[in-house]
Each structure stands twice: as C-alpha cells, then as structure tokens.
Amino acid sequence: MRIVDVVEITKPISSPIRNAYIDFTKMTTSLVAVVTDVVRDGRRVVGYGFNSNGRYGQGGLIRERFRDRILEAAPETLLDATGENLDPHKVWAAAMRNEKPGGHGERSVAVGTIDMAVWDAVAKIAGVPLFRLLAEREGVEANPRVFVYAAGGYYYPGKDDTALRAEMRGYLDRGYNVVKMKIGGAPIAEDRRRIEAVLSEIGSQAQLAVDANGRFDLETAIAYAKMLREYPLFWYEEAGDPLDYALQAALSEFYPGPMATGENLFSHQDARNLLRHGGMRPDRDWLQFDCALSYGLVEYLRTLDVLKQFGWSPRRCIPHGGHQMSLNIAAGLGLGGNESYPDLFQPYGGFPDGVRVVDGHITMPDLPGIGFEGKSDLIREMRALAE
Ligand SMILES: O=C([O-])CC(=O)C(=O)O
Ligand SMILES: [Mg+2]
C-alpha cells in the first residue's frame with residue numbers, strides 16, 4: 001500500500017468574535033487529505049485532517065515542504081511491521097526530514113494537520129475507531145464516555161450581558177455543565193460584571209471557566225487573580241504570555257484555584273519547560289496542549305511521556321481545539337476531556353451527527369477512523385477536497 005497524494009485547501013472559519021488578543025474575522029484553517037491506494041467497503045481510504053482555530057491555514061508550508069517529503073519517501077519506508085498499514089511515526093519522520101530542532105513556529109501546525117489525516121487513514125485501514133486503536137496499542141481500556149465543556153463567551157459588537165447569559169443558558173440546555181467565557185478584553189470592572197452575570201445565570205447547574213488568552217502582564221494577571229479567587233471558578237486560563245513560565249509560576253502564589261494553559265505550546269520540549277518552570281500543580285491544574293497545532297499525535301505521545309516523567313496524569317489534560325481528533329485521544333488514552341465550541345468554527349468542530357451531550361459528557365460512536373464520516377456537513381467538505 002502507499003500514499004498516492006497529500007492535498008491541502010485553505011478554508012475560512014471566520015466569525016465576528018474577539019478574545020483579549022485577536023479577532024476571528026479573517027481566521028482560516030487548512031483542510032488536508034492523505035489519499036491512499038487502499039480500498040475498504042468499496043471506497044478508497046482517504047484520511048482527513050485540519051488545524052484548530054487560533055492559528056491560520058498552513059497551505060504554503062504544506063505544499064512547499066511537507067507534502068513533497070512524504071510523497072518522495074520510498075512507500076515501503078512509511079509502513080508498519082505488517083506492511084499493510086502506515087506507521088504514523090515513520091510518516092512524521094519523513095515529513096520532518098531536514099528540519100532543525102527548536103524555534104517551533106507554525107510548522108508544528110502544518111505537520112499537525114497532516115498527522116491527523118494519517119491517523120484517520122490508519123484507523124480506517126484497520127477498520128476500527130481511532131480511540132480503540134490507540135487504547136489497544138497502549139494496552140489500556142478505552143472509555144467512550146468523554147467529558148466536554150462549552151467554550152464561547154466571546155466579545156463581539158453589540159453583545160450585552162443579556163446576550164451573554166442567553167448564550168450560556170443555551171449551553172446548559174444542550175447538556176453541558178461547564179462553560180467558558182473570555183476575559184481580558186475589557187476593563188477589569190466590566191469583566192467582573194460579565195462574570196457575575198454568567199454565574200447568576202448558571203447558578204448551581206454548571207461551573208464557569210475564564211480565559212484571558214495570554215493578554216496580561218504579571219501585575220494585571222495578579223489583579224485579576226485577586227478578583228477571580230472570590231468566585232468558585234472551574235479554571236483561570238492563559239493569564240499571561242504562553243512562554244512566560246515565571247509569570248505562571250508567580251501567579252500560583254495569588255491564585256489557589258485551578259489554572260489552565262498550554263494551547264500555545266507546540267512541542268513536547270515546550271510542554272516540558274512549562275512543567276519544569278511554570279509552577280503548575282498536578283493536583284489541580286489543567287494542560288491544554290492541542291495536537292492539531294503541535295505536530296500531531298506522534299508528538300502528543302511524546303508530550304504524554306513528559307507528563308509521566310513529571311508525575312502528571314493524562315487526566316489533567318483537556319486539550320484546546322474542539323475537534324474529534326482530541327476526543328479520540330481522550331477516549332483512547334484517558335485524558336480528562338475535551339473542549340467544544342457548540343456555536344463556532346463549524347463544520348470543523350463538534351461531534352458526529354446524533355451525538356448528544358448528557359451531564360457534560362458525550363459517548364463516542366463506533367465509526368472507523370476519527371469519525372468524520374459521521375458528521376455530514378464536515379465529510380461533505382472533506383470529500384470535495386479528495387475522495
Ligand atoms: O479564543 C481562542 O483563541 C480560543 C481559545 O483560547 C480557547 O478555546 O481556549
Ligand atoms: Mg484558550
């Protein structure tokens with residue numbers, strides 16, 4: 001068997017929302033197809049992938065470097081020991097040939113999208129859901145029931161507290177019991193008012209997480225910590241610059257509750273630096289590394305090894321990004337859950353059709369691969385790219 005093509009198209013995922021750092025009016029994603037010559041159930045096996053919101057499409061890098069390296073590799077050097085399926089680690093190594101270490105930049109996003117498509121193809125060739133394949137390879141029990149929380153609460157023009165409350169009510173009505181909103185894009189007094197509005201809306205039905213998107217300097221992060229610690233929050237996310245580990249460490253002296261970060265760390269080396277220097281607490285804090293932005297699952301497995309070395313459980317990971325790839329990793333490898341954006345970034349985010357959130361959890365259907373074939377609006381776009 002062999003990979004016959006790697007195809008990319010850059011698609012808009014724009015919406016008129018903003019967090020404390022960026023607006024999403026020009027946001028794009030790379031949709032990637034890894035086309036194989038394998039046929040299953042009368043259809044050619046094509047693996048699909050895409051990157052999460054927050055970073056833009058990576059068509060240039062994929063077309064100029066990574067695609068060609070994979071296609072130029074001798075096909076047999078990309079196979080596993082059976083010779084009948086791809087080895088994602090070997091495909092990854094072929095894509096990364098002639099790349100120096102460090103300075104991860106956004107090539108990690110380009111490789112992450114391709115890696116997602118490779119794992120989708122591998123699980124489809126094996127004829128099993130990816131989460132079951134992962135659990136079997138690791139020798140652990142899969143758990144198809146995955147915690148998910150609803151991310152939203154963005155700033156956008158004309159949005160008042162009534163609209164914010166209605167948005168959060170909508171998430172509770174859909175079965176979520178943890179919701180997330182943005183902070184740091186308004187003065188602290190206004191954010192306090194927004195937080196209180198949401199807390200009075202959700203009452204004891206749900207918990208609230210807040211996300212500053214790396215906006216604060218140390219002084220502001222501490223001022224917010226002192227305000228936020230008055231409330232029983234699910235977490236305080238990305239207070240300062242994602243690479244400012246000293247800020248994160250200092251903040252833990254002012255914020256005893258759970259904190260979360262990691263969505264903008266793109267390698268196992270960066271994850272290791274966070275655990276070494278960021279003062280993160282394995283008994284309460286959350287790690288949000290997102291494989292689609294950070295060299296894919298091949299790299300995420302290395303990141304999970306780093307966690308183990310530092311005494312962290314995979315249950316402390318709730319990835320950023322709201323895609324089905326991380327749902328599979330959560331169900332297969334025992335992560336603590338996954339993000340979801342019920343109203344945003346469609347059709348890329350979300351769950352297969354018919355999957356409902358019940359008590360803040362979804363149950364993975366048994367679909368071969370990542371499960372994109374179960375989401376009709378998404379698979380339509382994917383098959384338009386290649387099938
Ligand atoms: O607004 C964004 O960039 C997305 C984000 O931080 C999140 O989902 O946690
Ligand atoms: Mg975030």
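Selection over segment 26-49 of residues that are at pLDDT 95 or above and open to solvent by 10 Å² or more (accessible area, probe 1.4 Å) gives a count of 10.
Restrict the check to segment 201-222 and report whether at least one residue is farther than 29 Å from G278 by Cβ and either at pLDDT below 95 or within 16 Å of ligand 1 (Cβ to nearest atom) (or both). The answer is no, given that none of the residues of segment 201-222 is farther than 29 Å from G278 by Cβ and either at pLDDT below 95 or within 16 Å of ligand 1 (Cβ to nearest atom) (or both).
Looking only at segment 248-276, filter to residues that are under 23 Å from E339 (Cα atoms) and acidic (D, E); which one of those is farthest from the chain's Cα centre (by Cα)? Per the stated criteria, the residue is D270.
Please enumerate the residues belonging to segment 278-304 that are within 16 Å of ligand 2 (Cβ to nearest atom) and more than 9 Å from the chain's Cα centre (by Cα).
So the first thing to find is which residues in segment 278-304 are within 16 Å of ligand 2 (Cβ to nearest atom), and the list is 278, 280, 285-294.
The answer is G278, M280, D285, W286, L287, S294.
Within segment 157-170, residues that are assigned to a loop (DSSP other than H, G, I, E, B) sit with their Cβ atoms under 7 Å from residues that are not acidic (D, E), at 6+ positions apart or across chains, in these pairs: P157/P16.
How many of the residues making up segment 22-36 are in a strand (DSSP E or B) and among the hydrophobic types (A, V, I, L, M, F, W, C)?
Taking segment 22-36 as the starting set, the residues that turn out to be in a strand (DSSP E or B) are 23, 28-36.
This time we only want the ones that are among the hydrophobic types (A, V, I, L, M, F, W, C), so: 31-35.
Result for segment 22-36: 5.
Restricting the first member to segment 15-31 and to residues that are among the aromatic types (F, W, Y), and the second to residues that are within 15 Å of ligand 2 (Cβ to nearest atom) and open to solvent by 30 Å² or more (accessible area, probe 1.4 Å), the beta-carbon pairs closer than 6 Å and six or more apart or on different chains are Y21/R215.
Here the condition is being open to solvent by less than 20 Å² (accessible area, probe 1.4 Å), within 14 Å of ligand 1 (Cβ to nearest atom), without any contact (Cβ under 8 Å) to a residue 40 or more places away in the chain and out of contact with any Asp or Glu (no Cβ under 7 Å at 6 or more places or on another chain); of V148, V179, it holds for V179 alone. The number of residues in segment 318-342 being more than 14 Å from ligand 2 (Cβ to nearest atom), buried (at least 24 other Cβ atoms within 10 Å of the Cβ) and not aliphatic (A, V, I, L, M) comes to 4. Scanning segment 253-273 for residues that are open to solvent by 30 Å² or more (accessible area, probe 1.4 Å) and either more than 20 Å from V306 (Cβ to Cβ) or among the hydrophobic types (A, V, I, L, M, F, W, C) (or both) yields E253, F254, P256, P258.
For segment 257-289, name all the residues that are away from ligand 1 (no atom under 16 Å from the Cβ) and in contact (Cβ under 8 Å) with a residue 60 or more places away in the chain. Correct list: S267, Q269, D270.
With respect to being within 16 Å of ligand 1 (Cβ to nearest atom), modelled with pLDDT of 95 or more and of a type outside the set (D, E, K, R), G83 falls outside the description. With the structure loaded, tell me whether G296 is of a type outside the set (V, I, T) and open to solvent by 10 Å² or more (accessible area, probe 1.4 Å) or whether it fails that test. So G296 fails the test.
Within segment 198-237, restricting attention to residues that are in a helix (DSSP H, G or I) and β-branched (V, I, T), which residue is surrounded by the most Cβ atoms within 10 Å (Cβ to Cβ)? Among them, the one singled out is V198. Counting the residues of segment 16-56 that are under 18 Å from Y156 (Cα atoms) and either away from ligand 2 (no atom under 16 Å from the Cβ) or touching a His at 6+ places or on another chain (Cβ under 7 Å) (or both) gives 3. Out of contact with any Leu (no Cβ under 8 Å at 6 or more places or on another chain), closer than 26 Å to R169 by Cα, open to solvent by less than 50 Å² (accessible area, probe 1.4 Å) and among the acidic types (D, E) - does that describe any residue in segment 345-363? No, segment 345-363 contains no residue that is out of contact with any Leu (no Cβ under 8 Å at 6 or more places or on another chain), closer than 26 Å to R169 by Cα, open to solvent by less than 50 Å² (accessible area, probe 1.4 Å) and among the acidic types (D, E).
Taking each residue of segment 40-53 that is over 19 Å from L297 (Cβ atoms) and in contact (Cβ under 8 Å) with a residue 60 or more places away in the chain and looking for partners that are part of a strand (DSSP E or B) and away from ligand 1 (no atom under 16 Å from the Cβ) with beta-carbon atoms closer than 8 Å, six or more apart or interchain, yields R44/V35; R44/T36; R44/D37; R44/V38. Restricting N53, N19 to those that are closer than 30 Å to D241 by Cα, within 16 Å of ligand 1 (Cβ to nearest atom), within 18 Å of the chain's Cα centre (by Cα) and crowded, with 23+ Cβ neighbours inside 10 Å reduces the list to N53. The set of residues in segment 315-364 being over 18 Å from L130 (Cα atoms), away from ligand 1 (no atom under 16 Å from the Cβ) and in a loop (DSSP other than H, G, I, E, B) consists of P347, G354, R356, V357, D359, G360.
The values are calculated or read from the model by the stated rules, or taken from the named source; none is laboratory data. Treat the numbers as computed from the prediction; the structure is a model and nothing was measured. Glycine gets a Cβ as well: all are built from the backbone with ideal geometry, and neighbour counts include every protein chain shown. Calculation scope for accessible area: heavy atoms of the full protein, side chains included, ligands and nucleic acids excluded. Shrake-Rupley method; radii C 1.70, N 1.55, O 1.52, S 1.80 Å.
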